[in-house]
Structures are given as structure tokens and as C-alpha cells.
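Quick notes on the structure that follows.
The values are calculated or read from the model by the stated rules, or taken from the named source; none is laboratory data. Note that the coordinates shown come from a computational prediction; the quantities given were computed from them, not determined experimentally. Here Cβ is always computed from backbone atoms with ideal geometry, including for glycine, and neighbour counts include all displayed protein chains.
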Amino acid sequence: MPTVKLIANVFLGAGLAILFLPVAVFFVESMLGCIFVRRKKSVESRVPCTVTVLIPAHNEELGIARTLTSLTEDAGANAKILVVADNCSDKTAEIARLAGADVVERFNDQHRGKGFALEFGLQHLADDPPDVVIIVDADCIVESGAIGNLARLAYESNAPVQGKYIMHPPAEADAKQRISGFAFVVKNWVRPLGLRVLRQPCLLTGSGMAFPWKSLASVSIGSGNIVEDMQMAVDLVIAGHSPFFSDDATIIGFLPSQSSAATEQRRRWEHGHLTTSRTQISRLLWAFLRTPRLDLLTLACDLSVPPLALLVAVVTVYTALTVVAFWLNVVSLPLVFVNVTLIGMLIIAVLFSWIRFGRQILTPRSLLSVPHYVLAKLPLYRSYIASPQEEWVRTSRDEIDVNVS
């Protein structure tokens, strides 16, 4: 029996030690983001620099007109719009030209994905580079003032800037889709805001990203990484160009209404997230050992936080195992206390985030569906162990009623 107790305490204790860092990071970032919410600054629309909005687009004829309409209304006289029609077999390029954007077309079956499209667009701009490049996805809309705010912040700070990129659930969304939308709010708004309070860098989230031209020269964007934004953030921080978050610029994306498309999208995002964490945390820590900069350590800690559903699932399983082990009298009470503390920190952080930022997305009744949402995502994480997704796959788009004349 003493041997059983020793093994149980070592096993569960080691698991809790590993879980402590991501839970603590998630708790601190979320709570700071909830508590220290600053007022949005009023910013003039005039932009004191040249700007190019770069839009990678692969078969985006259904939604690119809406995106370009929002950009045309928001971008000032100093801003140009460049669409990279990447391996398109539809009317994306034609629609973009009709909407007034500059368009370049790329065809390469060997190198497919957003990173390669962005690299192609930057090569096109290299002969006459703008002061600032802003990357916006082809299925997003930008709120008024977003382009001007991003451009000014990147230009004046000489640093990359990530705007507030949130995902709206479909109009007739079920509880699962609304929980997914709330999870994006936590990941792309609450936690980066907490890091902003600490004056630390954040991960890039894919759209609404502004870069001084010189910072882009320090990284290689053309890669097959299926979450190229996270990889770019790591590369920029190591190169000394740490991105920071600003909620003065809002970019809105849309979660797909079709269940199969949503599953496909989440698989790519979350498999890419896990792979990037697995491969890049050690790289950041090694860079920190060579050059002890706090931003390197901060981003490594931020990357240690897995997708929220996975974190909740793992902590819940460990809590259940610890409680059962305590009931069988094979682990000590302090171990149970630490485990309960961890799950309490998770619950508090999520609850505060919902109260402060999520009530318009997620009703109190929908919160009851969180356990079902977590369970429904377990096959996605199981598939990562068996066969992690490594190739970029475009998410199917919903029909959009937009006319461009």
C-alpha cells in the first residue's frame, strides 16, 4: 500500500505541476484583461504614413466584396488595397478589381496556403514598399477607424500591432457555436488585453495585423505552417520586433454555420496551435537563455496555454482522478487542495471573462452546454495524437448576399 500511495502521489503531483503553468498564465492574463479595461481612445482618421492593406484570397468570391466594401469605407487616401488571388478557380480576382482593389494572381500547386500568398504579395510590394502593411483576411470586415488606428500605432511605435479580431457566430447559432465564439473572445481579446496591461507581446491572431515594413524583413512568411500567424509572432519576438495588442481596431470574422465546415476550421486551428506550441516553446526558451529578454519568456508562457476546451478537459480529468484517489486514501489532502484550486482558477477566469465580455454572445442558459461542448471536442484532440493536420485546407464559406456594381 505505501508503494501505491507513492506512485499515486508522484503521478498526480507531476501532472499538477505541469498543469500549473498554463492555468496560472490563463488566470493572470484573463483577470488582468477583465479588470483593467481602458477606454478606447479617439483617433483622427488621417494616417501620417503610406499603408497597404494586403488580402490573401483563395476562392473567396462569396465574401470578398463585403470585405473590400468595409475597407474602402475605412481606408484613407494614403491606403492602398492589394489582393493576392492565390490559386483561385473562381471570380475572386475579377470581383476584387471591380471593387477598386489592386490584384495580383498567383498559381502554384506545390506551395499552397496563406503564408505563401502573403510572401508573394510582399514580394510584389518590395519595389515601392509602404511604411506599414496591414494584413486582413478575405472573409472579414473592419469597423470604422480600424485601418487608421492600426497604421498609426504601427508607424509611431515602429512595432507590429495586433487588432481585436473576434469571430461572430451565425445568426441562428446553437449553443455550441456561441460557446466557440466566446472562446475566441477569450483567446483573441481578453488574454491579449491582459498582456497589454503587462506591456508584454501577444500572439498574432490572423487578421487585423499591422507591420512596419522593416519588421517584415526580419522574418520569413512563406511557409507551410497551417497557423502562420502564430509562427510569425514567434519569429518576430525572437528577431526583436515584439507585436503588441490594441483594442482600438476591431476586425470581425464569421464562424461557419455548417457543422462540417466548423469542425474542419477548428481542426486546422487547434492542431496548428498544438504543433506550434510543441515546436516553438523550446525555441523561445533557448533564445531567452542566450538573450534574457522578458518578452521571449512571456511568449513562451503564453504558448504553453492549450486551446481552452482542452485545458478544461485535462484539468477536470485530473481533478476527478485526485478526488477518487483521495477517497481511496492513496493521496494526501494538500494534493486535492491544489487540484481544486487550479480548477477554481479556471472557473473564475472564464466566469469573469463571460461577465465582462461574453454576455452578448453567450446566454446564461448556454453556459450549461459547456461540458457537452468540451466532450464534443475530445475526438478532435484524439485525432491530433493519431494524425495531426499539417497541410492548409480552406474552410468552406457561407453564402453572402452582397452585390458589387
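Is at least one residue of the range 56-72 surrounded by fewer than 19 Cβ atoms within 10 Å (Cβ to Cβ), touching a residue at least 12 places away in the same chain (Cβ under 8 Å) and more than 26 Å from the chain's Cα centre (by Cα)?
So far as the range 56-72 goes, no, none of its residues is surrounded by fewer than 19 Cβ atoms within 10 Å (Cβ to Cβ), touching a residue at least 12 places away in the same chain (Cβ under 8 Å) and more than 26 Å from the chain's Cα centre (by Cα).
Just to be sure, is Val314 within 25 Å of Trp189 (Cα to Cα) and assigned to a helix (DSSP H, G or I)? Don't jump to the end; show me each part of the working.
On the way: within 25 Å of Trp189 (Cα to Cα): yes; assigned to a helix (DSSP H, G or I): yes.
Considered against the rule, which asks whether it is within 25 Å of Trp189 (Cα to Cα) and assigned to a helix (DSSP H, G or I), Val314 comes out as yes.
Mind telling me which of the residues Val305, Val312, Val317 ends up being under 19 Å from Leu342 (Cα atoms), without any contact (Cβ under 8 Å) to a residue 24 or more places away in the chain and not polar (S, T, N, Q)?
Values: Val305 fails: without any contact (Cβ under 8 Å) to a residue 24 or more places away in the chain; Val312 fails: without any contact (Cβ under 8 Å) to a residue 24 or more places away in the chain.
Only one candidate passes the filter, namely Val317.
So, in the range 194-251, of the ones that are in contact with a His (Cβ under 7 Å, 6 or more places away or on another chain) and hydroxyl-bearing (Ser, Thr, Tyr), which residue ends up farthest from Ala154 (Cα to Cα)?
That would be Ser218.
In the range 236-249, which residue that is at pLDDT 95 or above and not small (Gly, Ala, Ser) is surrounded by the fewest Cβ atoms within 10 Å (Cβ to Cβ)?
Ranking the qualifying residues of the range 236-249, first place goes to Phe244.
Please verify whether Ser304 is buried (at least 20 other Cβ atoms within 10 Å of the Cβ), among the polar types (S, T, N, Q), within 23 Å of the chain's Cα centre (by Cα) and closer than 20 Å to Asn188 by Cβ, treating the condition exactly as stated. Walk me through it before giving the result.
Values: buried (at least 20 other Cβ atoms within 10 Å of the Cβ): no; among the polar types (S, T, N, Q): yes; within 23 Å of the chain's Cα centre (by Cα): yes; closer than 20 Å to Asn188 by Cβ: yes.
So Ser304 fails the test.
Does any residue of the range 153-160 turn out to be in a helix (DSSP H, G or I) and touching a Ser or Thr at 6+ places or on another chain (Cβ under 7 Å)? Outline the logic, then answer.
Filtering the range 153-160 for residues in a helix (DSSP H, G or I) gives 153-157.
Still in the running and touching a Ser or Thr at 6+ places or on another chain (Cβ under 7 Å): 153.
Checked against the condition, which is being in a helix (DSSP H, G or I) and touching a Ser or Thr at 6+ places or on another chain (Cβ under 7 Å), the range 153-160 yields at least one hit.
For the range 1-22, enumerate the residues that are within 23 Å of the chain's Cα centre (by Cα) and either more than 13 Å from Tyr318 (Cα to Cα) or outside the structural domain of Asn329 (by TED's automatic domain parsing) (or both).
Leu21, Pro22
What is the number of the single condition among (1) without any contact (Cβ under 8 Å) to a residue 60 or more places away in the chain; (2) under 29 Å from Val186 (Cα atoms); (3) assigned by TED's automatic domain parsing to the domain that holds Ile7 that Leu333 does not meet?
(2)
Run down Val132, Val103, Val185 and say which single residue is farther than 23 Å from Gln265 by Cβ and in contact with a Phe, Trp or Tyr (Cβ under 6 Å, 6 or more places away or on another chain). It would help to see each step written out before you state the result.
Values: Val103 fails: in contact with a Phe, Trp or Tyr (Cβ under 6 Å, 6 or more places away or on another chain); Val185 fails: farther than 23 Å from Gln265 by Cβ.
Only one candidate qualifies: Val132.
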